[in-house]
1. For the residues L222, L18, what sequence is obtained by ranking on other C-beta atoms within 10 Å, fewest first?
2. Per residue of region 161-174, what does 6.51 cos²θ - 1.76 cosθ + 1.60 with θ = phi - 60° give for ³J(HN,Hα)? Whole Hz please, x for Gly and Pro, Karplus curve as stated.
3. Towards the positive end of the charge dipole of the chain, with charges on Cβ (+1 Lys, Arg; -1 Asp, Glu), say which of Q128, A48, T232 has the farthest Cα.
4. Past the 25 Å Cα-Cα mark, which pairs from K99/K153; K153/K225; K3/K153; K53/K190; K36/K74; K190/K260?
5. Collect residues whose amide H, placed 1.01 Å from N in the peptide plane, falls under 5 Å from the amide H of V174; neighbours closer than 5 in sequence don't count.
6. Restricting to DSSP loop positions (anything but H, G, I, E, B) with no more than 15 other Cβ atoms inside 10 Å of their own Cβ, which trypsin sites (Lys or Arg not before Pro) remain in region 107-187?
7. Kindly write out, for region 117-129 in residue order, the coupling ³J(HN,Hα) from the Karplus curve 6.51 cos²θ - 1.76 cosθ + 1.60 (θ = phi - 60°), rounded to whole Hz, with x marking Gly and Pro.
8. Would you work out which of V107, L241, V21 lies farthest towards the positive end of the dipole of region 3-245? Charges go on Cβ: Lys and Arg +1, Asp and Glu -1.
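Taken together, the values in this text are just the output of simple stated rules run on the coordinates, not laboratory data. Just so it is clear, the structure is predicted and the values come from calculations on it, not from any experiment. Here the Cβ positions follow ideal geometry from the backbone for every residue, glycine too, while neighbour counts run over all protein chains shown.
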Amino acid sequence: MTKTWMITGTSSGFGKELAQVVAKQAGTNLVATARKEADLAYLDAFDATRVAKVIMDVTNEEQVQAGVAVAKDKFGGIDVLVNNAGLGYFGTIEESNEKDVRQMFEVNVFGLGNVTKSVLPIMRVQKQGVIINISSALGVTSLPTLGWYSATKFAVEGYSNALRQEVAPLGIQVMNVEPSGARTKWNAGKTAPVEIADYSKFAGMVDGASNGVTQAPGSPELIAKTIFDMATDNKVVPDHLPLGTFATDGMKKELTNTLKDVDKYHDISVGIDQ
């Protein structure tokens, strides 16, 4: 059975790698989106009968609906949706630029919601589908200078957990992918310089985070291949797929610390019930 994948944000990073993995596979169709047509030129190397290039800003509802229509008209439906489009941001909470932060939320959270909302009617009719939301290890734990970015990914986690329960009876699955740092252009995200003296110790962290992503141990190629295999080799996908040492160790530590607090304050917590 031929499966159609729709992947947002395929101009670089995970999205581009995954788009190429899908395009190379026999028995798959690809709908790849990006904001600029030139960023999709690399797909000209693949079979045009199985690849659709779509110009899409995920915050633009008209473009999103038009892109989903292309997928339906050309391939008859969408079996796998990968919400990958996203922005990064580096800076302490207090020093972050509100306009830039709001724009990041528009893309990382509301844009993801726009695409999902437009695809769900197709999957409901099909009575099947897989939605893969590219979250982050920072959607479960967090670090100084990455608080606002982390907040968008925590939002994606909560959104996905609720959506999963709503659509499971309809045959639709939702998987959150939580990658660690990888060698991508995510470091092109905006940066708020550390100018408040009280936060001076974090200046190096801002520079390290924004400049160090391309030096990260995670392989975009292996991440893309793992995501593809997980969605195609399993009838049931996991709710969460942490990828990389930082993701697995960070999630374990965060969950362990949370459980300690739950146990420590258990009597106080349940004591408020009457």
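1. By the 10 Å Cβ count, ascending: L222, L18.
2. The phi angles translate into 5, 6, 4, 4, 5, 6, 9, 4, x, 9, x, 9, 10, 10 Hz.
3. A48
4. Violating the 25 Å limit, Cα to Cα: K3/K153; K53/K190; K190/K260.
5. I131
6. Sites meeting the loop and neighbour criteria: K127.
7. 4, 6, 8, 4, x, 5, 5, 5, 5, 5, 6, 6, x
8. V21
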